[in-house]
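Since every read-out is calculated from the coordinates, none of them should be taken as a lab result. These figures come from a predicted structure and were not determined experimentally. Note that each Cβ is placed from the backbone with ideal geometry, even for glycine, and that neighbours are counted across all protein chains shown.
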């Protein structure tokens, strides 16, 4: 197994289980929900078909305050494969897609729109 594949295999969690970065982002979304900044969110609640036998499971589907659905993909770091899948999904589906990473030294969040 290649170095990157071995690293990815080590980091895999059970379906529906959040890693530390996703758990921290979940806390942020809970705070935003209680503040009325968003109306709803779900972790790994939606699976999008990209092609035959190829799917994209969004980390978080979020309904913003205006009632529009957004996809928030939370990453500690981006692999080329993850970035490509996110861009393909963003091109195929009528949702806003955001890539979210922790800022340096865990100071805030860095967000990019696809």
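The fewest-to-most ranking of 102, 27 by surrounding Cβ atoms within 10 Å reads 27, 102.
Rounded to the nearest 5, the antiparallel percentage of DSSP beta bridges internal to the chain is 80%. Structure remark: mean-square fluctuation, Gaussian network model of the chain, C-alpha springs under 10 Å; the largest value among 33, 69, 13 belongs to 13. Take the chain, drop everything but the C-alpha atoms, weight them equally and run the Debye formula without solvent; then report log10 I(q)/I(0) at 0.10, 0.14, 0.15 Å⁻¹ to two decimals. Each listed q corresponds, in turn, to -0.30, -0.60, -0.69.
On full extension, the segment bounded by residue 13 and residue 31 gains 4.0 nm, given 0.36 nm per residue less the C-alpha separation.
Taking other Cβ within 10 Å of each residue's Cβ, how do 86, 21, 54 sort, fewest first?
On the way: 86 21, 21 18, 54 10.
Taking fewest neighbouring Cβ atoms as first place, the list is 54, 21, 86.
Inverting the pair-averaged 1/r between distinct Cα atoms of the stretch 34-94 gives 12.5 Å as its Kirkwood hydrodynamic radius.
Nearest 0.05, what FRET efficiency do residue 68 and residue 88 give at R0 = 25 Å with Cβ-Cβ as r? In this case the efficiency is close to 0.75. Cβ crowding within 10 Å, taken as a proxy for footprinting-reagent exposure, orders 41, 93 from fewest neighbours to most as 93, 41. May I ask you to list the residues of the stretch 95-114 whose amide nitrogen lies under 19 Å from a point 7 Å from Cα along the Cα→beta-carbon direction of residue 79? Only 99-102 fall inside the zone, counting backbone N under 19 Å.
Springs between alpha-carbon pairs under 10 angstrom, Gaussian network model over the chain: which of 89, 17, 58 fluctuates most? Result for the chain, Cα springs under 10 Å: 17 fluctuates most. Only beta bridges with both residues in the stretch 59-114 are counted; by DSSP, about 65 percent of them are antiparallel.
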